[in-house]
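Note sheet for the following structure.
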Amino acid sequence: MEQIKAYFESNFQMSEADWTIFSSKLNRCNCSKKEILLEVGKTEKYLSFIENGIVRLYVPKEDGELTFAFVFQGGFVSAYDSFLTQSPSTYVVETVTDTVLWRLTYQDLQTVYKETDIGNFIGRKASEELFLKKSQRELSLLQDSAEERYLKLFTERPEIIQQIPLKYVASYIGITPQALSRIRSRIS
């Protein structure tokens, strides 16, 4: 819990009183590699902070999976649209590695909003972070070639190239593993 406290103190200047309320709502969850955290059709109950590990979000298809996000240590993860609306998710949330999460339920987040001075600010910052990542990815898929998207990962998200299996990287940039292999051989 010290990692999440340090994160909040450095990013939000959280008072000890606010931290006491917030931390009392957090539950630690130790997850195994490839553990499904949320299935299609289930409603997201948690906003989670990743203490350690990697989580991916994907849409299952008959001919494979379409990965659209990776979240690493120090980031928030959730099927956030499902969480906000409390409606069923249209995608899967799964761990890539063994992962440690600190989870906050929807109801407990509402309590944090009401009972702390910093709660609404934290919610806004988490929403802004998720929105910016989503917007950047959407624009890249619309504007960049597959090779450009792959090359951008080296500068903008090197942790993906370094820590994620290539089949997931290919799905994330919208190509087949074979096409990724050709791109990798051209640029090496």
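All C-alpha to C-alpha distances of the chain, sorted into 5 Å bins beginning at zero, yield P(r) values of 1, 7, 15, 19, 19, 15, 11, 7, 4, 2, 1, 0 percent in whole numbers. Efficiency by 1/(1 + (r/R0)^6): what FRET value for residue 113 and residue 135, r their Cβ-Cβ distance, R0 = 22 Å, to the nearest 0.05? The formula returns an efficiency of 0.35 here.
Based on Cβ point charges of +1 for Lys and Arg and -1 for Asp and Glu, what charge dipole magnitude is obtained for segment 1-127 about its Cα centre, in debye rounded to the nearest 20?
Computed charge dipole of segment 1-127: roughly 60 debye.
Excluding same-chain neighbours fewer than eight residues apart, the aspartates and glutamates reachable from residue 42 by a Cα-Cα span under 17 Å are 81, 94.
Only helices enter the 222 nm calculation for the chain: every DSSP H run of n ≥ 4 contributes -39,500 (n - 2.57), and dividing by all residues gives -15500 deg cm²/dmol, rounded to 500. The local environment of residue 130, defined by Cβ-Cβ distances under 13 Å, has a net charge of 0 under the rule Lys, Arg +1 and Asp, Glu -1. For the pair residue 154 and residue 81, a Förster radius of 25 Å applied to the C-beta separation gives a FRET efficiency near 0.25, rounded to the nearest 0.05. Taking every protein chain into account, the accessible area of the chain amounts to 54 square angstrom per residue (probe 1.4 Å). Partner lysines whose Cα lies under 16 Å from the Cα of residue 125, excluding those fewer than 8 positions away in the same chain, are identified as 5, 133, 134. Extension gain, residue 65-residue 166: 0.36 nm per intervening residue step, less the Cα-Cα distance, totals 35.0 nm.
Of interest is the spacing of the C-alpha centroids, which for segment 13-67 and segment 77-121 amounts to 7 Å. First select every other residue whose beta carbon is under 10 angstrom from the beta carbon of residue 19; then total the charges, Lys and Arg +1, Asp and Glu -1. Local net charge: -2. Within the shell of other residues whose beta carbon sits under 14 angstrom from the beta carbon of residue 68, the net charge comes to +3, with Lys and Arg scored +1 and Asp and Glu -1. In this rough spin-label picture, where each label sits 7 Å from Cα along the Cβ direction, the residue 33-residue 143 distance is 3.7 nm. Taking the protein heavy atoms of segment 93-167 in the context of the full set of protein chains, the accessible area attributed to carbon and sulfur is 54 percent at 1.4 Å.
The values are calculated or read from the model by the stated rules, or taken from the named source; none is laboratory data. Note that the structure is a prediction, hence the values are computed from the model and not measured. Note that each Cβ is placed from the backbone with ideal geometry, even for glycine, and that neighbours are counted across all protein chains shown. The area values use the complete protein model at the heavy-atom level, side chains included, leaving out ligands, DNA and RNA. Shrake-Rupley method; radii C 1.70, N 1.55, O 1.52, S 1.80 Å.
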